[in-house]
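Chemist: One structure coming up, written as structure tokens, with questions to follow.
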Amino acid sequence: MTRFVLRRLLLSIPVLFGIVFVVFTTARLIPGDPCRAVLGERATDATCNAFIKRYGLDHAILPGLYRRGADLVFVPADIPETLIDNQFLGYLGDVSRGDLGQSIKQSRPVTLMLIERLPTTIELSLLALLIAVIVGVPLGLISGYRRNSAVDVATMAFANLGVSMPVFVLGLLLAYVFAIILKGTPFSLPPSERLSAGVSVLPLVKVWGLQSVQGAPRAFLDFISGIYTFTALITGQWGAFWDALRHLILPAVALATIPLAIVARITRSSLLDVLGQDFVRTARAKGLRERSVVIRHAARNALLPVVTVIGLQLGGLLSGAILTETTFNLAGVGRSIFEAITGRDFAVIQGFTLVIAVFYVAVNLIVDVSYSYLDPRVRLR
Amino acid sequence: MSSEPLIKGGLAGGHGGAGGPGGPGAPPGPVATADSLLTARPASLWRDTLASILRQRSADVGLFILSFLVVVGLLAGPSVTTTSKGLEDSWPAYGTDPGGIHLAPFDPTLPLLGEAGQEGLARFAPPCIHALGCPAAQPEHIFGVDGNFRDLFSRVVYGTRVSVPSGFIAIGIAILIGTMIGAVAGYIGGWLDNLLMRIMDVLLAFPSFLLAIIITVALGRTLNNALLAVGIVGIPVYARIVRASVLSIRENEFVTASRALGESSLGILVRRVMPNSLTPLIVQGTLGIGGAVLEIAGLAFIGVTGDISVPEWGSMISLVRGQLFNSPHVVLLPGFAITLTVLGFNLLGDGLRDALDPRLNR
């Protein structure tokens, strides 16, 4: 088991390196003059030269490759001397020291921005995943067991529709139904932002009187405080908790629909597979109650592939989060990356994308490991 | 339409025995008198496969939806395209019949305010259908009017011409490049296989939509680049599928036989191995088109496809998102059009999978 985990860990190192490389070069290939993207069209050449020097953009991007204004220039003669002295290796060094650089636009460390924005996305994605699992798995089990029943037909029709509707269309539809049509009823829900005006969640450092804490622990506390529902819940700020949760429901449901549909379908077909197997017949033959056969024997085995699918859906959730955040006006990671791409804020694009990719690789690793834990046959291979 | 390459593949690789059970591989009934052999329809791979696909209800519904969309797209009206010179709209002046069948009642790019019969036209006017009780004094627009006084129904109809082919093109790119990479990696193996597959791993390690945004912006914000980006992002999926089937097929005896007969590596790969790995590719490809249409619409929605004059559903929604609360029709109707298209591809993909590859029947 340990060897398996170690091997998978080692295998993800070249993948992570590749990710840093791809993100770095693609971000630098985005056409346009980075100086004028930040300072505006009226910046003079002198200003731009100073700007480019200030942020080290005059150094080679990769050996022999420079950006001069809006153009990329390749100087083969410079390759030997820029083999070490280039922006990519510099960035790699910074990253290995945990420094993700400074946002050019906001003049703040990227890590600070991450602490601010990442909680929104995590909160949204986790709630969406939770909804997908606690609704999708039972629905899949019921429709698999009662094949071709009304529940089954309805679930599968819903699943087909769910995977076909763009998350932003569903989000806008939900916003319309719950914020306009149901306005004034107890079912009305807010269609944007994370909290109502005037409502705020006290950060953990304030609640616990830890203002003196600095450095990494402080960053961690601030990060957790950004997950409003969780912070409000553990500190008993009930009013704020309810408000934050109400704001979260519509985006989370919109984001959850596609994974929910997929989880329901996989659970159903997996249960159908398992119900036809010999050990289920054996369980029935030895006179177990039907409930016990389905829940204890069949369902437990049927959920194995579901674990993989849930893990795979996390990547999709992050993609969906970009659209959901745009639709519901939430300042999360997805929106930040999009804004950074349009503003050529290299450090932010790189830092945010890298964190997401690392997170994604880690989730895949955890899924693989948990799978081999749940199904010993996988380990033997 | 998508069954065509399968049939060719099935024929060419018929001796490989990898044809889908119940379809290409099913022998004709063994008990046949000479008489019935003369009168019965000859067993045809084409017909058998088509029949087994049509037996799937979801494939039928999917095919119906897609045929409907193709007809709508074809009969939308005179051509409206974006070229490097800008918009080229071959609709005649307002009030002149463009001739032929045109499902779009109006020029999709023409603001109608002030034209004859459009008096009192309001910006973002909701749908007005005279047969359903809309006052006759108001101009009829069955999907309402958008923010530029254009007929929304005409725009949604024209959007079919962009979205349906765009899914095909994006997945076509992904399949083409993915197949080449997967085939080379699987057939040649060794360090090349390792290198190519690690590159695919890197691509797969990104949330695909994020990567598509970055690529689109890096290439330049146009719809064509968005298609290309969605295609590039899809490559690893197909590369893996092809590699996996090449790996299993090249161990077959019929491949060894071809090699013994002196066929070249390339010949074996193209004529023996590839045709037999087509089934999973077609199934995944059809399912992938739906996803590609979703991604392209998403890219258009967040605005990285730039300003396109030809109506495209995602960007139509993007531009008027703020109108949701006052004029929901301009936001939701194009959204339903996207949903219908994706639903069509997904249902057809499900049906194809069930018909062609029972092993994948999940």
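The values are calculated or read from the model by the stated rules, or taken from the named source; none is laboratory data. All values derive from a computational prediction rather than experimental measurement. Here the Cβ is made from the backbone with ideal geometry for all residues, glycine too, and neighbour counts use every protein chain on show. Just so you know, the surface numbers come from the protein's heavy atoms only, side chains and all, with ligands and any DNA or RNA stripped out. Shrake-Rupley method; radii C 1.70, N 1.55, O 1.52, S 1.80 Å.
Chemist: Determine the pairs where a residue that is open to solvent by 100 Å² or more (accessible area, probe 1.4 Å), located within segment A:71-85, has a partner that is in a loop (DSSP other than H, G, I, E, B) with Cβ atoms under 9 Å apart, the partner being 6 or more residues away or on another chain.
Modeler: Within 9 Å, the pairs are A:Phe74/A:Gly64; A:Glu81/A:Pro63; A:Ile84/A:Pro63.
Chemist: Condition first: open to solvent by 60 Å² or more (accessible area, probe 1.4 Å) and within 18 Å of B:Gly159 (Cα to Cα). Can you find one or more residues in segment B:112-122 that meet it? Show your work before the answer.
Modeler: Here is the first cut: in segment B:112-122, the residues open to solvent by 60 Å² or more (accessible area, probe 1.4 Å) are B:113-114, B:116, B:119-120.
So of that shortlist, the ones also within 18 Å of B:Gly159 (Cα to Cα) come out as none.
For segment B:112-122, residues open to solvent by 60 Å² or more (accessible area, probe 1.4 Å) and within 18 Å of B:Gly159 (Cα to Cα): absent.
Chemist: Can you tell me how many residues in segment A:112-139 are more than 28 Å from A:Phe220 (Cα to Cα) and free of Cβ contacts under 8 Å to residues at least 60 places away in the same chain?
Modeler: 2
Chemist: Next question, about the same structure. Just one of the numbered conditions (1) surrounded by fewer than 22 Cβ atoms within 10 Å (Cβ to Cβ); (2) over 21 Å from A:Leu323 (Cβ atoms) is not true of A:Val253; which one?
Modeler: Condition not satisfied by A:Val253: (2).
Chemist: If I ask for residues that are open to solvent by 60 Å² or more (accessible area, probe 1.4 Å), within 20 Å of A:Gly140 (Cβ to Cβ) and not charged (D, E, K, R), which ones from segment A:280-299 would you list?
Modeler: Within segment A:280-299, just A:Ile295 meets the criteria.
Chemist: As an exercise: evaluate A:Gly332 against (1) away from every other protein chain (no Cβ under 12 Å); (2) open to solvent by less than 30 Å² (accessible area, probe 1.4 Å); (3) over 26 Å from the mean Cα position of the chain (by Cα) and give the number of the one condition it does not meet.
Modeler: Just one mismatch for A:Gly332, condition (3).
Chemist: Considering only segment B:147-172, state which residues are assigned to a helix (DSSP H, G or I) and hydrophobic (A, V, I, L, M, F, W, C). I'd like the intermediate steps shown before the answer.
Modeler: Of all residues in segment B:147-172, those assigned to a helix (DSSP H, G or I) come to B:152-172.
Residues satisfying the conditions are B:Leu152, B:Phe153, B:Val156, B:Val157, B:Val162, B:Val164, B:Phe168, B:Ile169, B:Ala170, B:Ile171.
Chemist: Further question on the same structure: Do any helices (runs of 4 or more DSSP H) lying entirely in segment B:257-362 carry at least 3 residues that are among the β-branched types (Val, Ile, Thr), and which ones are they?
Modeler: Working: elements: B:278-302, B:313-319, B:328-356.
So the answer is B:278-302, B:328-356.
Conditions (1) in a helix (DSSP H, G or I); (2) surrounded by 24 or more Cβ atoms within 10 Å (Cβ to Cβ); (3) more than 11 Å from every other protein chain (Cβ to nearest Cβ); (4) among the acidic types (Asp, Glu), marked per residue:
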position: B:Asp193; (1), (2), (3), (4): yes, no, yes, yes
position: B:Arg198; (1), (2), (3), (4): yes, no, no, no
position: B:Asp201; (1), (2), (3), (4): yes, no, no, yes
position: B:Ile213; (1), (2), (3), (4): yes, yes, no, no
position: B:Val217; (1), (2), (3), (4): yes, yes, no, no
position: B:Arg221; (1), (2), (3), (4): no, no, no, no
position: B:Leu228; (1), (2), (3), (4): yes, no, yes, no
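Chemist: Name the residue that is surrounded by the fewest Cβ atoms within 10 Å (Cβ to Cβ), counting only residues in segment B:29-76 that are of a type in the set (Asp, Glu) and either touching a strand residue (DSSP E or B) at 6+ places or on another chain (Cβ under 7 Å) or modelled with pLDDT under 90 (or both). Spell out how you get there, then give the answer.
Modeler: Residues of segment B:29-76 that are of a type in the set (Asp, Glu), as a first pass: B:35, B:48, B:60.
Retained after the next criterion (residues that are either touching a strand residue (DSSP E or B) at 6+ places or on another chain (Cβ under 7 Å) or modelled with pLDDT under 90 (or both)): B:35, B:48.
Values: B:Asp35: 8, B:Asp48: 20.
My answer is B:Asp35.
Chemist: A further question on this structure: Of these, A:Val169, A:Val135, A:Val177, A:Val110, which one is under 25 Å from A:Val358 (Cβ atoms) and modelled with pLDDT of 90 or more? Let's see the steps before the verdict.
Modeler: Working: A:Val169 fails: under 25 Å from A:Val358 (Cβ atoms); A:Val135 fails: under 25 Å from A:Val358 (Cβ atoms); A:Val177 fails: under 25 Å from A:Val358 (Cβ atoms).
None of the others qualify; the one that does is A:Val110.
Chemist: Of all residues in segment A:124-166, how many are open to solvent by less than 50 Å² (accessible area, probe 1.4 Å) and over 25 Å from B:Gly351 (Cα atoms)?
Modeler: Going residue by residue through segment A:124-166, those that are open to solvent by less than 50 Å² (accessible area, probe 1.4 Å) are A:124-125, A:127-129, A:131-133, A:136-137, A:139-141, A:143-144, A:149, A:152, A:155-156, A:159-160, A:162-166.
Add one more test, that the residue is over 25 Å from B:Gly351 (Cα atoms), and what stays is A:124-125, A:127-129, A:131, A:133.
Matching residues across segment A:124-166 total 7.
Chemist: Suppose we keep only residues that are of a type in the set (S, T, N, Q) and within 10 Å of chain A (Cβ to nearest Cβ) within segment B:324-340. Which one would you say is farthest from A:Phe168 (Cα to Cα)? Steps first, answer last, please.
Modeler: To start, the set of residues in segment B:324-340 that are of a type in the set (S, T, N, Q) comprises B:326-327, B:339.
Remaining after also requiring within 10 Å of chain A (Cβ to nearest Cβ): B:326, B:339.
Details: B:Asn326: 18, B:Thr339: 11 Å.
Applying the filter and picking the extreme gives B:Asn326.
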